[in-house]
1. Arranged from highest to lowest average of other beta-carbon atoms within 10 Å per residue, in what order do the peptides 177-184, 212-219 appear?
2. By per-residue mean of other Cβ atoms within 10 Å, what is the highest-first order of 190-199, 117-126?
3. For the chain, what does the helix formula give at 222 nm: sum of -39500 (n - 2.57) over DSSP H segments with n ≥ 4, over the residue count, nearest 500 deg cm²/dmol?
4. Label points 7 Å out from Cα along the Cβ direction at Arg76 and Ala253: separation in nm?
5. Quick one: what are the phi-derived ³J(HN,Hα) couplings along the stretch 165-172, Karplus 6.51/-1.76/1.60 with θ = phi - 60°, whole Hz, x for glycine and proline?
6. Placing +1 at every Lys and Arg Cβ and -1 at every Asp and Glu Cβ, with all other atoms neutral, what dipole size does the chain have around its Cα centre, in debye to the nearest 20?
7. Which one, Leu229, Ala159, Ile122, is farthest towards the positive end of the dipole of the stretch 3-246 when Lys and Arg carry +1 and Asp and Glu -1 on their Cβ?
8. DSSP beta bridges in the chain, what fraction antiparallel, as a percent rounded to 5?
Amino acid sequence: MELRTVNAVVTGGASGLGRATAERLVQAGGRVALLDRPASAGADVAKTLGPSALFTPADVTSAEEVDAALNTAVSRFGALNVLVNCAGIGTAMKTVGKAGPAKLAEFTRVIQVNLIGTFNCIRLAAAIMAKGAPGPDGERGVVVNTASVAAFDGQIGQAAYSASKGGIVGMTLPVARDLAELGIRVVTIAPGIFDTPLLGTLPEPVRQSLAKQVPFPQRLGQASEFAALACHIIENAMLNGETIRLDGAIRMAPR
């Protein structure tokens, strides 16, 4: 798929990896709807990106809100052929800590947003893509998900986050197989330690310590590097049903 033909919805598009991906798509001639929380900076970001972007506020866990946001994008662009799932949250809690067992509500919330929210957006977007006209290869759409290296080597306190991201990895191939007959590809990116707003809340010494754990390049990943891979996935029709680690060869230690 050529980037100039992209009509995309990017969840979590108001900041971090999602914003960088939206910016790159618009620069390449595509059109993007930023799906993010109503209280996010989505409206300001869309205004910055220009007429090829719009803000469609929604909670990814809500079927009704996501459906409305997707339909708003289709009304504006005339079609939908790309979904990039970047919305997600994180928490740190030991299974059993000083205060006792982990809070089930916190574990459930992370799964709800990261895993179920991702699937919610996939199922609704794919149903719209399936109605679109196929391209030269019969391709109707591309879905790019965001997992994490924590799916494979989660650290102490990351049970909920790792489970949610491991779920995204686990459903990538079966969903790709489900959607193959409709001409829709599904690929997941598993980033390592990236310089995102979430990491920006950490003290600088902690950030530097994390960067030194990366074999090469020995620094935090940049959102633009995630965006570059997401765009390549969209362009490369043979990438399907795969999870790609984007991590500078890091393998996370227990803590």
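1. Highest-to-lowest ranking by the protection proxy: 177-184, 212-219.
2. Values: 190-199: 18.6, 117-126: 22.3.
For the peptides 190-199, 117-126, the packing ranking is 117-126, 190-199.
3. Helix contribution divided over all residues of the chain: -12500 deg cm²/dmol.
4. 4.5 nm
5. Once θ is set to phi - 60°, the couplings for the stretch 165-172 become 6, x, x, 5, 4, x, 8, 4 Hz.
6. 560 debye
7. Ala159
8. Among the beta bridges of the chain, antiparallel pairing accounts for roughly 5 percent.
FYI, it's all coordinate maths here, none of it is from the lab. Please read all numbers here as calculations on a predicted model, not as lab measurements. Reconstructed Cβ throughout: ideal geometry from the backbone, glycine too, with neighbour counts over all protein chains shown.
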